[in-house]
Amino acid sequence: MKTVKLGIAGLGHVGCGLIKLVEDQANLRLPGKVEIVGVSARSRNRNRPVDISGYRWFDDAATLAEDPEVDVFVELMGGSDGPAKFAVEEAIKYGKHVVTANKALIAMHGQALEEQAQAKGVDLMFEAAVAGGVPIVRVLRDSLTGVAVNRVSGILNGTCNYLTTEMLGTGRSYEEVLEEAQRLGYAEADPYLDVSGMDAAHKAAILASIAFTADLDFDKVSVKGVDTLELLDLVLADRLGLKIKLIAEGLLTQDGVVTRVAPKALPFDHPLARIDGALNTVRVEGDPLGAVTLTGPGAGPGPTASAVMGDIAKLFSPTARSPFGRAAHHTVRQFVPATADERAAFFIRVGLADRPGALAKLSEALAASAVSVDKLLQDSADDNDVSPVAIVTHTCSRGDIDAATERVTSLETTVGAPQVIAIDTAH
């Protein structure tokens, strides 16, 4: 029976979860035996839910990566640069296969690491970097090679999905629900990467690169998070038949691959509108498949460690193939920004001063930019004499909606900044 020997760098929740899986591997369907020959982390004496005293300790992750006993270097430290990047590069240099859950590292340096791994004839695996226990990387790279993908989209950050679900369901503010998410462990003490959309953007870039054989260029990814959403946005959208979710997507256009993360308003019957709580889901659309949706837990030590172990299992019979599924004969596309002529319907929330003619001026400002109203909802004025207005527009260009937003913002009857969110209809 073949044995694969691991060096594990990073002993947080996922690293400890992986050690538990290795220790309980008799219950798994692995094609051989997995053995841990060394571990590395910032602190040797930190209290952990697993006993690491029986494993060789390495103060430096790069030294572990270079160790001759290690077959597979498992990087679970995190961070796009610094020790994680250097240790992975050292592992590849010394002919080790690499398994990582580090989405930032792959999104920022995946192309260069791919070239290094290909040159050394080793595998670079990163299933756990995107959507945790949802095996979307392998599905896109391997199972859907017979599909001409035109769009991949999904909910790739459980923290943000939990926030929007709980805010609407309980009527509590963003700040209150975020504090609860941190207490429950759904959000980090510093939630910036999650709520800003950056975490989902790293994942979206990876998926778009695989789906469209595109060169990773994270600078071209558009990122907007949920930290500007208010409870009022969710409530008014819900009354208009829409759910607001943070959606990550890669879209194939004539100009190239548009990759972005932003809140979107989804009709109630949209497949992604039904995904609540901390779940992740990915929807792949293309010919001749149509569409397929994968849903599951996207974070946590169990789902992520299981995805890491799935990659390790593949290395009992390594292939040294491109981690992004590309071959020399494939047409390589480029990441590009969205253009102003992109078309969609939009949800707009505006605060209007409670005075005569305010609604008429709003309508005139929209019409002046060729934006027409499909639905309109106006609530009573609040204690500050501000009346919230929610609008669903007919389909228009992104350039027209941007021009309309400028006009609306400049009105003397507008209070605060308007909220403008594209509406996404299922294909």
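The values are calculated or read from the model by the stated rules, or taken from the named source; none is laboratory data. From a predicted model like this one, the values you see are computed outputs, not experimental measurements. Glycine gets a Cβ as well: all are built from the backbone with ideal geometry, and neighbour counts include every protein chain shown.
What do you reckon, is residue 61 in the same structural domain as residue 8 (by TED's automatic domain parsing) and in contact with a Pro (Cβ under 8 Å, 6 or more places away or on another chain)?
yes
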So in region 391-427, with the set limited to residues that are of a type outside the set (Ser, Thr, Tyr), in a strand (DSSP E or B) and free of Cβ contacts under 8 Å to residues at least 60 places away in the same chain, which one is nearest to residue 347 (Cα to Cα)?
391
Of the residues in region 93-106, those that are buried (at least 24 other Cβ atoms within 10 Å of the Cβ) and part of a helix (DSSP H, G or I) come to 103, 105, 106
Return the pairs, sorted by first residue and then second, in which the second residue is buried (at least 19 other Cβ atoms within 10 Å of the Cβ) and assigned to a helix (DSSP H, G or I), the first residue lies in region 153-173 and is without any contact (Cβ under 8 Å) to a residue 40 or more places away in the chain, the beta carbons are less than 6 Å apart, and the residues are 6+ apart or on different chains.
166/177
Do the conditions hold for residue 88, that is, is it outside the structural domain of residue 16 (by TED's automatic domain parsing) and in a helix (DSSP H, G or I)?
no
Of everything in region 204-243 that's among the polar types (S, T, N, Q) and buried (at least 17 other Cβ atoms within 10 Å of the Cβ), which residue is nearest to residue 111 (Cα to Cα)?
209
Could you check, for region 350-357, whether at least one of its residues is over 33 Å from the mean Cα position of the chain (by Cα) and surrounded by 19 or more Cβ atoms within 10 Å (Cβ to Cβ)?
yes
Go through (1) small (Gly, Ala, Ser); (2) under 21 Å from residue 273 (Cβ atoms); (3) assigned to a helix (DSSP H, G or I) one by one and return the number of the condition residue 211 breaks.
(2)
Restricting attention to region 343-354, does a residue exist that is touching a helix residue (DSSP H, G or I) at 6+ places or on another chain (Cβ under 8 Å), over 30 Å from residue 258 (Cβ atoms) and not aromatic (Phe, Trp, Tyr)?
yes
I'm trying to understand the selection: among the residues of region 215-234, which are assigned to a helix (DSSP H, G or I) and either in contact with a helix residue (DSSP H, G or I) (Cβ under 6 Å, 6 or more places away or on another chain) or more than 22 Å from residue 388 (Cα to Cα) (or both)?
218, 219, 220, 231, 234
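Just to verify a result, which residue in region 326-358, among those that are of a type in the set (D, E, K, R) and assigned to a strand (DSSP E or B), is farthest from residue 212 (Cα to Cα)?
Applying the filter and picking the extreme gives 349.
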Answer yes or no: is there a residue in region 235-249 that is more than 18 Å from residue 136 (Cα to Cα), part of a loop (DSSP other than H, G, I, E, B), in the same structural domain as residue 170 (by TED's automatic domain parsing) and out of contact with any Cys (no Cβ under 7 Å at 6 or more places or on another chain).
yes
Just to verify a result, which residue in region 117-163, among those that are among the small types (Gly, Ala, Ser) and within 14 Å of residue 284 (Cβ to Cβ), is surrounded by the fewest Cβ atoms within 10 Å (Cβ to Cβ)?
146
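Just to check your reading of the model, which residue among 303, 388, 323, 318 is of a type outside the set (D, E, K, R), surrounded by 14 or more Cβ atoms within 10 Å (Cβ to Cβ), in contact (Cβ under 8 Å) with a residue 40 or more places away in the chain and part of a strand (DSSP E or B)?
One residue alone meets the criteria, 388.
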